[in-house]
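Worksheet for the structure shown next.
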Amino acid sequence: MAPISNINALIIDMDGVLWQGSTPLPGLNEFFSTIRALRLPFILATNNASLTLEQYIDKLEQMQVRVQRSEILTSGMATAHYLAQQHDPDSTRVFVIGESGAKLPLLEQGFTLTDIDDIRNDKRDSGADIVVCGLDRELSWDKLATAALNIRAGALFIGTNGDVTLPTERGFAPGNGATLAALEAATGVKPTVIGKPEPIMYQQAMAILGTTAAETIAIGDRLDTDILGAVRADMRSLMVLSGISSQQDIATVDYEPTWVMQDIREVTEMLKQ
């Protein structure tokens, strides 16, 4: 492995790195105690847009970890920020497949959210200008149909993230990428994805941290999102084997993490040295 040096900030994935579902992974508390003691700035950047910022803060507090609002970035937050830079929220209507973590950031930016069966047509203030799709554990045919009809009528198609699976205590469940695939099949339109492996989230996180790619390390468990996103953002990356991707998976792709470690316990020991 390459020597470890020039670490001035971390961008850390959550699912599969810090926990599985609602179960913290071993070493979680010591990991955070260590980066706090080292005064190492970090952003917890997750592709999972189902929870709000406050819900992630509460989830971490239940695991005896306290973080600041500025230390969390979800793909839902990144999507809302990206769209607000591209469109005037006051005059833009958005239909959301997703949970509170996808909807609340859009509302906070000032977008108007449309309802099921509100379909885009020639009339003003009808349907959605943008369809945003995030993880939705109450997904229905009506939601899919409303999204598909709006996209076919010309609405911009945005995915908060493209993860096809989601790690849970019961195993790997369908992720948002599975819903995006269904909508793409129904409409023939490929979504613009904001979350990893696109570099947008990493770029937003580094802007918050005030650091450059050369001094920031991405920590994640998925080759196809966390690690590929770091490659596209010109960042070094550290893959832990506590989540989805395995050591053997690295041989199947044409990119690789800078470092591979078993879990955050090994990362903690590395940081202490």
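Quick note: the coordinates plus some simple rules give every number you see, no bench work behind them. From a predicted model like this one, the values you see are computed outputs, not experimental measurements. Cβ placement follows ideal geometry from the backbone for every residue including glycine, while neighbour counts extend to all protein chains displayed.
Across region 1-140, the convex hull enclosing all Cα atoms gives 150 Å³ per residue. Selection among Val96, Pro41, Leu135 by position relative to the dipole of the chain gives Pro41 as farthest towards the positive end (Cβ unit charges, Cα centre).
Bridgeable aspartates and glutamates around Lys272 (alpha carbons under 18 Å apart, same-chain partners fewer than 8 residues away excluded): Glu30, Glu215, Asp263.
Backbone phi angles across region 193-207, fed through the Karplus curve with coefficients 6.51, -1.76 and 1.60 (θ = phi - 60°), yield HN-Hα couplings of 9, 8, x, 4, x, 5, x, 4, 4, 4, 5, 5, 4, 5, 5 Hz in residue order; Gly and Pro are listed as x. Overall, region 87-193 carries a charge dipole of about 280 debye about its Cα centre when +1 sits on the Cβ of Lys and Arg and -1 on the Cβ of Asp and Glu, all other atoms neutral. A Cβ-based charge dipole, computed about the Cα centre of the chain with Lys and Arg at +1 and Asp and Glu at -1, lands at about 260 debye. The packing ranking of peptides 9-17, 56-64, 232-240, highest mean first, is 9-17, 232-240, 56-64, where packing means the average number of other beta carbon atoms within 10 angstrom of each residue.
Of Glu269, Glu184, Glu138, the sequence from fewest to most neighbouring Cβ atoms within 10 angstrom is Glu138, Glu269, Glu184. Rounded to the nearest 500 deg cm²/dmol, what is the calculated helix-only ellipticity per residue at 222 nm for the chain, with -39500 (n - 2.57) per DSSP H run of length n ≥ 4? Roughly -9500 deg cm²/dmol at 222 nm, from the helical runs in the chain. Placing unit charges on the Cβ atoms of the charged side chains and taking the dipole of the chain about its Cα centre, the candidate lying farthest along the positive direction among Gly159, Tyr255, Phe31 is Phe31.
Between the amide H of Gly16 and those of Gly21, distances stay under 5 Å, these residues lying 5 or more places away or on another chain, with hydrogens modeled in the peptide plane.
Can you tell me, using C-alpha contacts under 8 Å and at least 6 residues apart, the relative contact order of region 87-193 as a whole percent? Here the relative contact order equals 24 percent. Rg then Dmax, both in Å and based on the Cα atoms of region 87-193: 13.5, 47.
Can you tell me the relative contact order of the chain? Whole percent, Cα pairs under 8 Å, sequence separation 6 or more.
For the chain, the relative contact order is 21 percent.
With K and R counted +1 and D and E -1, the other residues having a Cβ less than 12 Å from that of Arg137 yield a net charge of -2. The candidate values were (i) 0.98; (ii) 1.32; (iii) 1.03; the one computed from these coordinates for Rg/Rh (Cα atoms, Kirkwood Rh) carries the label (i).
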